[in-house]
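*Asks:* Below is a structure I'd like to ask you about.
The values are calculated or read from the model by the stated rules, or taken from the named source; none is laboratory data. Since we're looking at a predicted model, the values are computed, not measured. Methodologically, a virtual Cβ is constructed for each residue, glycine included, from the backbone with ideal geometry; neighbour enumeration extends over all protein chains shown.
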Amino acid sequence: MTAPGLAPKAFLGFLAMCTGMFLAILDIQIVASSLIEIQADLRIPADRLSYLQTIYLIAEIIAIAVSGRLARALSTRWLYTIGLVGFVAASGACAAASTYQALYAARAVQGFFGGVLIPTVFSAVFLMFPLNRQATATAVAGSFAMLAPTLGPFLGGWITEHLSWHWLFLINVGPGLIAAGITAAWVRIDDADWKGLARTDVLTLGLAVAFLTTLELTLKEAPGRGWFSAAALSLAGTCIASGTWLVRRCLRVPEPLIEIRAFADRDFAIGAWFSFVLGMALFGATYLMPLFLGLVRDHGPLEIGTIMMVTGAAQLLAAPLAALLERRWAATPMTIAGFGLFAAGLLSNGIGTPDWGFNELFAPQVLRGIALLLCLLPITRLALGRLPADRVPQASSLFNLMRNVGGAVGLALIDTILETRTAGHADAIIVKLQAGDRATAAFVGLPLERFTGAALGPIDQATREMVAPLVQRAAMTMSMNDAWIVLGACAALSLIALRHAGTKKKGGSLGPRPSFLDAGAPYILKRTPARNTRPRRS
């Protein structure tokens with residue numbers, strides 16, 4: 001059923017926009033269950049694998065920062081159409097990539113164009129629909145947004161298992177082009193203002209790219225090369241210089257690309273901090289799970305996707321409860337519940353063994369799935385609920401940007417832990433096995449007859465070769481456990497920031513607040529007036 005006064009074609013155009021957004025969100029999750037397959041096919045070094053996700057996240061950050069200005073310059077219709085066509089073209093380039101360098105380059109372009117789609121859809125809710133239909137339209141868009149992470153891992157595993165990983169990207173082409181055509185033909189929202197492009201702060205954009213790129217490279221390269229190596233110091237110096245210049249410029253220009261001044265509001269700063277930590281935990285878990293299942297358990301993509309689907313399903317089922325609690329609970333207790341559950345789900349993975357499978361991984365995934373919206377809703381209210389309406393668009397962009405930055409930093413942190421801890425764990429395991437430690441032998445998966453607590457005699461070469469892969473598997477599990485514990489500790493310790501939050505009242509007392517379905521994407525245009533009208537159509 002369409003909204004009164006909204007033509008059927010316009011409503012179908014909105015559904016087409018939701019379809020494109022679904023593809024963009026799906027593309028983050030659909031790759032997760034096939035990381036090991038892509039790594040093997042393109043010979044991606046182990047310490048470069050996380051770039052497949054990190055590059056997409058960084059490109060999305062840049063897109064979030066410029067989406068508002070691009071929408072005003074190009075109009076919502078043409079920004080979305082160009083974004084979706086660009087996303088489809090980049091998806092084709094990802095599928096055609098024969099080297100991981102080419103895949104990463106295409107993935108960056110895909111992330112940028114995908115990044116403009118999500119906020120544009122949620123802005124269209126307020127620009128296309130009359131006030132009394134905006135809640136329904138938001139629910140429609142939110143359903144598309146929440147269904148993608150639920151289906152993504154399983155769908156990605158099935159496609160890779162029965163076709164090839166290239167089809168993870170090729171499936172975007174047909175639906176994407178159809179949705180782009182419908183959007184261009186039937187969506188009419190606002191007029192273009194091409195002069196707005198001239199007002200885009202290109203220098204700030206370049207500084208943001210330099211800062212984010214060198215930050216990620218510093219975190220990734222310094223542990224292996226040494227923090228005081230020439231390469232690490234050069235990267236860190238560039239990162240600090242570009243970051244300092246970026247902040248100073250954003251504070252000085254009249255219309256900054258990134259509204260750094262929002263951090264002067266204490267509640268916003270605390271909400272942005274939680275958004276950063278949530279990004280670390282969320283994207284970190286999505287990266288660690290397929291690594292464990294692929295490298296340690298040697299599962300195929302379909303089995304990985306089936307196991308990982310639990311988190312998305314729990315999130316989808318818990319959404320109505322989270323929405324109910326968001327209306328009845330104050331932000332502080334809901335944040336404690338959300339991040340407490342998420343921390344429990346992460347820490348539960350930190351006691352894993354090399355033999356863990358679906359049953360052992362079920363409960364931690366359910367905890368994280370239930371916790372996600374319990375985390376996201378109150379921190380969105382905390383960050384944006386008291387800001388003046390004219391500050392919400394830019395502040396919301398920054399709030400969501402922080403989540404992606406947290407994700408990129410989290411992935412780099414995980415790689416650092418895996419790279420630096422695995423060899424040490426392997427050496428410790430060997431020492432304990434030679435001492436006859438039964439608990440260590442059971443963890444590794446060795447027969448226990450020879451392990452009586454007494455030191456073992458000389459070990460022949462054949463036994464060494466048999467034991468080596470089991471020791472490596474166990475050491476990798478232990479380093480992954482370390483990463484899970486670090487993520488869980490970050491989520492739990494982040495709650496200390498609530499002591500400084502000024503928001504004490506219940507949700508209804510905070511005035512206008514963003515819907516929980518808007519939390520996954522910033523408002524990039526101002527809301528429509530309160531009266532039941534829509535902007536002039538082109």
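*Asks:* Can you give me the number of residues within the stretch 139-193 that are farther than 26 Å from Asp41 by Cα, among the hydrophobic types (A, V, I, L, M, F, W, C) and under 23 Å from the mean Cα position of the chain (by Cα)?
*Replies:* 7
*Asks:* Taking Leu235 as meeting all but one of (1) of a type outside the set (Ser, Thr, Tyr); (2) farther than 21 Å from Ile414 by Cβ; (3) at pLDDT below 90, write down the number of the exception.
*Replies:* (2)
Per-residue answers, yes or no, for (1) among the charged types (D, E, K, R); (2) outside any helix (DSSP H, G or I); (3) under 26 Å from Ala102 (Cα atoms):
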residue	(1), (2), (3)
Leu23	no, no, yes
Glu37	yes, no, yes
Gln53	no, no, yes
Ala63	no, no, yes
Arg77	yes, no, no
Ile82	no, no, yes
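*Asks:* Follow-up question, since we're still on this one. Filter the stretch 333-377 down to residues that are closer than 21 Å to Gly279 by Cβ and among the polar types (S, T, N, Q), then give me how many there are.
*Replies:* Count: 4.
*Asks:* Now, a different point. If you check every pair at least six apart or on different chains, which have Cβ atoms under 8 Å apart with a residue in the stretch 470-497 that is under 10 Å from Pro354 (Cα atoms) first and a residue that is among the basic types (Lys, Arg) and assigned to a helix (DSSP H, G or I) second?
*Replies:* Met478/Arg421
*Asks:* Taking the conditions exactly as written (in a helix (DSSP H, G or I), modelled with pLDDT of 90 or more and more than 25 Å from Ile496 (Cα to Cα)), does Ala363 satisfy them or not?
*Replies:* Yes, satisfied.
*Asks:* Six or more apart or on different chains, Cβ atoms under 9 Å: show the pairs whose first residue is in the stretch 341-355 and surrounded by fewer than 21 Cβ atoms within 10 Å (Cβ to Cβ) and whose second is in a loop (DSSP other than H, G, I, E, B).
*Replies:* Thr353/Gly445; Pro354/Arg297; Pro354/Gly445; Asp355/Arg297; Asp355/Gly445
*Asks:* Give, as residue ranges, the helices (runs of 4 or more DSSP H) completely inside the stretch 169-287 that count at least 3 residues that are buried (at least 16 other Cβ atoms within 10 Å of the Cβ), touching a residue at least 60 places away in the same chain (Cβ under 8 Å) and in the same structural domain as Leu35 (by TED's automatic domain parsing).
*Replies:* Working: elements: 173-186, 195-198, 202-225, 230-252.
It comes to 173-186.
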